[in-house]
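A.B. asks: This is the structure, below, for whatever I ask next.
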Amino acid sequence: MKSKLWVFRDINLSQRALLVQGLSISPATASLFLARGVTTPDEATSWMSLQSPHDPFLIPDMEQAIERLHRAVTTQEPICFYGDYDVDGITATSVYLSFFGGLGAKVRAYVPHRLREGYGLNLSAVQRLHDEGISLLVTSDCGTTSHKEIALAAKLGMDVVVTDHHQSDEEMPPAVAVLNPPRAGALYPFRGLCSVADVVPLHDENRNFVREGLVQLSRGARCGVRALKQVAGVTKDCTAETIAFKLAPRINAAGRLDDAMLGVRLLTTDNPLEAQQLADRLEQLNRERQRIEVDIMEETLASLKDKELPPAVVVASRNWHLGVVGIVAARLVDRFQRPAIVLAINEQGIAKGSARTTGGFDLYQGLASCREMLEAFGGHPSAAGVTIRESRIDEFRAKFSDAVAGWTHEGAKVPTLNVDAEVRLDEVNLKLIQEICSLHPFGAGNPEPTFAVTRLEVLEARTVGEKHLKMTVRQGTSLPFDSIAFGMKSLLERGIPSRTPVDLAFTPELNHWNGRDRIQLRIRDVRPSVME
């Protein structure tokens, strides 16, 4: 595996010096602020502080939504909260149930089955909920494009309030209210909001929400959260990485392989015994999901071996599990640095799947350019869902790849790694790590800091845990530093002979081991040093 192309961010030295002096921070931390568009001490102070929330009534239809919900609560009208089957919809539905149930409202939840019903509202579910006496339906993370389904609800006398964040056409469905910050004509100043949990930019209001949410999750007041953390092995305070790699995958496993209502029940139960049983079940499902993911990924890589890759990877099979294709698409993007779509084909010849992207290519617009070939699609710039007939997959693959090629002008881009700044190893100290903590939480729109250090002497290099590279390195006369490269296995696999001086791109962190905290370099990439 070759190293990526390291792209160093441009640093204005005068602005950096101003930040260093005004905030009493290290040059490395000042470089991080500049990489995020923060150029003055006042901007940095504001960026780190909790911001005042925007006026929610700038979101179109907010007054109508509040009035309709208030009427339902006060008259004990049955309300159904209808969520997507992924972690975003599950968590949003759980919040709705807890909040409105706490107000004394008559509430229930409905999450469609991924395989039997598919994403979002469906006609049969709308009819069934009406027949069961539901007169107000509130969606979470879906509904903006559900024109037919909401029209049926209106015909049946059922009101619908949509809460969503996915992109859409200009025409809104015939709902009582469509609360969607990115919708056309919206005056809300921040369009990056989502229903509850999703891949959205971690700045503006989202930073406030995530910061407070992490505090609440760390506190673990809900027995379901405590049980989930226990099976996931989470013993420290929760970070954005804890959510992304520990908790969210287990909640997601419910909707991927079983019934997403398992996740809703876990997050809303008051019974610790039930919470533990549900958490154990999600743990089992997550392990099964991991096994299936490995099988699909191996089959996909085998099918692509020794072939010239097109600008976009579009793969399909009748043997794949629909609940796991989104994860495989993300893995393919990471591996090949180009948009990827993975489709599972059912017995009727209908392929459904997930799309993921990289490098700024807008998936929604790319799919929209192929809409005449698709049965359905929806999502946002970074992730989307696709439905297509098996007979049209080859035609779609060619046209979608052309759309990606037209965007890049030269096909798929060279894999790159953005580096915030080059530092000396003796600058990596406890003060730097403490300063980095002020930039938390990290995620989309606010990535983890990545520094580079050059011409390191490798004092020791070995493989740990079968596939991880552990090294001890030193720069000049600096102290030795431990470093870890997950999934990298060995330097030889990177074509780097032992004892060769190396450059590292890394994120500094504290590693707690045997009762002690030591600074560790978590390696993002490694390459042989250029000899002068």
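Coordinate-derived values only; no laboratory data. Note that the structure is predicted; figures quoted are calculated from it, not measured. Glycine also receives a Cβ, built like all others from the backbone with ideal geometry; neighbour counts cover every protein chain displayed.
A.B. asks: At a Förster distance of 30 Å, what's the computed FRET efficiency of Arg335 paired with Glu372, Cβ-Cβ distance as r, to 0.05?
C.D. replies: 0.50
A.B. asks: Give a residue-ordered list of calculated ³J(HN,Hα) values for the range 474-487 (Karplus: 6.51 cos²θ - 1.76 cosθ + 1.60, θ = phi - 60°; whole Hz; x for Gly, Pro).
C.D. replies: Along the range 474-487, the couplings run 8, 10, x, 9, 5, 5, x, 10, 7, 9, 9, 10, 5, x Hz.
A.B. asks: Continuing with the same structure: Which semi-axis lengths, in whole Å and largest first, follow from the square roots of five times the eigenvalues of the Cα gyration tensor of the range 308-408?
C.D. replies: Taking √(5λ) for each Cα gyration eigenvalue gives 19, 15, 12 Å.
A.B. asks: Here's something else I'd like to know. Over the range 161-242, what lengths in whole Å, largest first, do the semi-axes of the equivalent ellipsoid take, defined as the square roots of 5 times the eigenvalues of the alpha-carbon gyration tensor?
C.D. replies: With the √(5λ) rule applied to the range 161-242, the semi-axes are 32, 14, 10 Å.
A.B. asks: Sticking with this one: Set the Förster radius R0 to 60 Å, insert the Cβ-Cβ distance between Glu274 and Glu308 as r into 1/(1 + (r/R0)^6), and round the FRET efficiency to 0.05.
C.D. replies: After rounding to 0.05, the efficiency reads 0.65.
A.B. asks: Give, in whole angstrom and from largest to smallest, the semi-axes √(5λ) of the equivalent ellipsoid of the range 417-528, with λ running over the eigenvalues of the Cα gyration tensor.
C.D. replies: Its equivalent ellipsoid spans semi-axes of 22, 16, 15 Å.
A.B. asks: Around His113, which amide H atoms from residues at least 5 apart in sequence, or from another chain, sit under 5 Å from its own amide H, with H modelled in the peptide plane?
C.D. replies: HN-HN under 5 Å from His113: Gly118.
A.B. asks: Same structure again: So if I restrict to the alpha-carbon atoms in the range 73-134, what is the Rg, and what is Dmax, the biggest pairwise distance, in Å?
C.D. replies: 12.1, 37
A.B. asks: Something else: Write down the Å³ per residue value for the convex hull defined by the alpha carbon atoms of the range 209-292.
C.D. replies: With only Cα atoms used, the range 209-292 gives 85 Å³ per residue.
A.B. asks: Related question: Taking each pair of different alpha-carbon atoms in the chain once, compute 1/r for the pair, average those values, and report the inverse of that mean as the Kirkwood hydrodynamic radius in Å to one decimal.
C.D. replies: 25.3
A.B. asks: Go through the range 278-384 and name the trypsin sites (Lys or Arg not before Pro) that are in a DSSP coil and have 14 or fewer other Cβ atoms within 10 Å of their Cβ.
C.D. replies: Sparse-neighbourhood loop trypsin sites (Lys or Arg not before Pro): Lys305, Lys307, Arg318.
A.B. asks: Grab the beta carbon distance between Thr74 and Glu132, set R0 = 22 Å, and tell me the FRET efficiency rounded to 0.05.
C.D. replies: 0.55
A.B. asks: Separate question: Can you divide the C-alpha Rg of the range 77-194 by 2.2 N^0.38 Å and report the result to two decimal places?
C.D. replies: Against the compact-globule rule of thumb, the ratio is 1.01.
A.B. asks: Shifting gears a bit: For Thr235 and Leu417 in the same chain, what is the full-extension length gain: residue separation times 0.36 nm, less their Cα-Cα distance, in nm?
C.D. replies: 62.4 nm
A.B. asks: Percent of Cα-Cα pairs more than 15 Å apart in the range 365-409, please.
C.D. replies: 40
A.B. asks: While we're on this one: Which GluC sites (Glu not before Pro) in the range 158-255 sit in a loop by DSSP (not H, G, I, E or B) and have at most 10 other Cβ atoms within 10 Å of their own Cβ?
C.D. replies: Glu170, Glu171
A.B. asks: If you don't mind, another one. Pick out, in residue order, every one of the trypsin sites (Lys or Arg not before Pro) in the range 18-116 that is DSSP loop and has at most 13 other C-beta atoms within 10 Å; say none if there are none.
C.D. replies: Taking the range 18-116 and a limit of 13 other Cβ atoms within 10 Å, the loop trypsin sites (Lys or Arg not before Pro) found are Arg116.
A.B. asks: Please express the Cα-Cα pair-distance distribution P(r) of the range 1-157 as a list of whole percents, one per 10 Å bin, running from 0 to the bin with the greatest distance.
C.D. replies: Here the calculated profile for the range 1-157 is 9, 25, 20, 13, 18, 13, 2.
A.B. asks: Under a plain spin-label model, where a point goes 7 Å from the Cα along Cα-to-Cβ, how far apart in nm are Glu509 and Asp394?
C.D. replies: About 4.6 nm separates the two model spin labels.
A.B. asks: OK, next. Amide H to amide H under 5 Å from Asn418: which residues, 5+ apart in sequence or cross-chain, H placed 1.01 Å off N in plane?
C.D. replies: Val7
A.B. asks: Another question, then. Would you kindly derive the ³J(HN,Hα) couplings of the range 75-83 from the backbone phi angles with the Karplus curve 6.51 cos²θ - 1.76 cosθ + 1.60 (θ = phi - 60°), listing them in order in whole Hz, with x for Gly and Pro?
C.D. replies: 9, 6, 6, x, 10, 10, 9, 10, x
A.B. asks: Also, quick follow-up: Could you work out the percent of alpha carbon pairs in the range 221-263 separated by over 11 Å, rounded to a whole number?
C.D. replies: So the portion of pairs separated by more than 11 Å is 65 percent.
A.B. asks: Here is a further query. What does the range 1-59 give for Rg and for Dmax, in Å, if only its C-alpha atoms count?
C.D. replies: Rg and Dmax of the range 1-59, Cα atoms, are 15.8, 51 Å.
A.B. asks: To continue, here is another question. Please list, ordered by chain and number, the residues whose modelled amide H lies under 5 Å from the amide H of Leu343; skip anything fewer than 5 residues away on the same chain.
C.D. replies: Here the answer is Val315, Ala316, Ser317, since their amide H atoms fall under 5 Å of that of Leu343.
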